[in-house]
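The values are calculated or read from the model by the stated rules, or taken from the named source; none is laboratory data. What you see is a predicted model; the values in this text were computed from it and never measured. Quick reminder, even Gly has a Cβ in these numbers, built from the backbone with ideal geometry, and neighbours come from all protein chains shown. Note: accessible area is taken over every heavy atom of the protein model, side chains too, but ligands, DNA and RNA are not part of it. Shrake-Rupley method; radii C 1.70, N 1.55, O 1.52, S 1.80 Å.
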Amino acid sequence: MHYEIILNPTAGNGKAKKTWNILQPVIEGQLDYSLHQTDYANHEAFFAKRIAKAHPHNSDTVVIVIGGDGTLHNVLNGLVKAGSTLPLSYIPAGTGNDFARGYGISLNPEKALQQIVSTTKAHTITIGHYTESIKNEEGYFLNNIGIGFDAAIVSRTNSSKAKKSLNKLRLGNFSYLSKAFGVIYDQQPFQLTLQEQGHHYIFANAFIVVATNHPYIGGGFQIDRSANVNDDAISMVIAERKNWLLTLWEVIQFGRGKLAESRFAHHFHAKTLHYSTTSLEFGQIDGENMGNRFYDLNVDTSHYQFWQEPLN
Ligand SMILES: Nc1ncnc2c1ncn2[C@@H]1O[C@H](COP(=O)(O)OP(=O)(O)OP(=O)(O)O)[C@@H](O)[C@H]1O
């Protein structure tokens, strides 16, 4: 087996670079590999396309990503857009590492590597596919697409002056929580229209709108414990902002991983979801900022091969 390794050394505030320094002596002389180290944002997608071109026939080649959820997202999209089906493996080294939690990959780099080298057959998992018709975009996600609450936090955290030192801190830490309180205070409810399985819904006061492929969001919080990368469906959780008390309750339930089960939230599980906003809202995809914009999204399922034995 030949391994094409794509490393984002800046992920996790330099954690990915340290991860590589741990793994390199382990694999040197043991594995047949090439290393591609990014120099700028989204360089990983360029590498993915180049690797796809160099290996058009899946000739015993696996692409290993060392970085965070954003790096993995960009590599997946680079491969698929280049028409490649090369299997992917992932060594989590970001701040959030939500995909690793959702798929079952150890956060310990040596164990994650072991999950790769012990693999004998690829595992096909569900990934999300989306088209956004206002900006005419198309792509894939491994974790989730969020509009509103979580996306506004990602946007604030990424644009914060403290970002460099705090490195995109997200849920589960003080910086993210302080941003969350700011967003609870500022974020206005918005209108969301949803079509799902022939039904048409209008949510006049949407506040949290997350389409997810597995339970995890924001660095280990569970938006929907029933979501699973192995079933051919995407989950959607919508919470509305009707009054202060309810909003606070919903955010607490979000933090406890129980929002999807709450009677105040709306929960869908479907192969196709079509939804749109009528106002400018923040969006995030796999933790990457989509900007402040209108959305007309069609989300459905697709599949991709992973070369990694999931943890039980
Ligand atoms: N050499 C680089 N310099 C600056 N940015 C980079 C570089 N290589 C990749 N990037 C960008 O860094 C961004 C963040 O990467 P990633 O999400 O993997 O790390 P993270 O934010 O630390 O982790 P997580 O998303 O798991 O919290 C991505 O948009 C990626 O394109």
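Quick notes
- Mean accessible surface per residue for segment 30-132, computed with a 1.4 Å probe while every protein chain stays in place, in Å²: 39
- What separates the Cα centres of segment 285-312 and segment 56-112 is a distance of 13 Å.
- Along segment 276-285 the Karplus relation, 6.51 cos²θ - 1.76 cosθ + 1.60 evaluated at θ = phi - 60°, assigns HN-Hα couplings of 8, 10, 10, 9, 6, 9, 6, x, 9, 10 Hz to successive residues, with x for each Gly and Pro.
- Relative packing of 225-232, 72-79, which averages over residues the other C-beta atoms within 10 Å, highest first: 72-79, 225-232
- In plain terms, the chain from T301 to H200 could stretch by 34.4 nm, reckoned as 0.36 nm per residue minus the Cα-Cα distance.
- With θ taken as phi - 60° and the Karplus curve 6.51 cos²θ - 1.76 cosθ + 1.60 applied, the whole-hertz 3J(HN,Hα) list for segment 53-59 is 5, 6, 10, x, 10, 6, 6 Hz, x standing for glycine and proline.
- In this label model, E28 and K135 are separated by 4.2 nm, measuring between points 7 Å along each Cα→Cβ vector.
- Amide proton proximity set for F282, modelled H, under 5 Å, gap of 5+: G148, R293
- Backbone phi angles across segment 119-130, fed through the Karplus curve with coefficients 6.51, -1.76 and 1.60 (θ = phi - 60°), yield HN-Hα couplings of 6, 10, 8, 5, 10, 8, 10, 7, 10, x, 10, 9 Hz in residue order; Gly and Pro are listed as x.
- Computed per residue of the chain from DSSP H runs no shorter than four, each worth -39500 (n - 2.57), the mean residue ellipticity at 222 nm is -9500 deg cm²/dmol.
- With a simple spin-label model that places each label point 7 Å from the Cα along the Cα-to-Cβ direction, the separation between Q114 and K258 comes to 3.6 nm.
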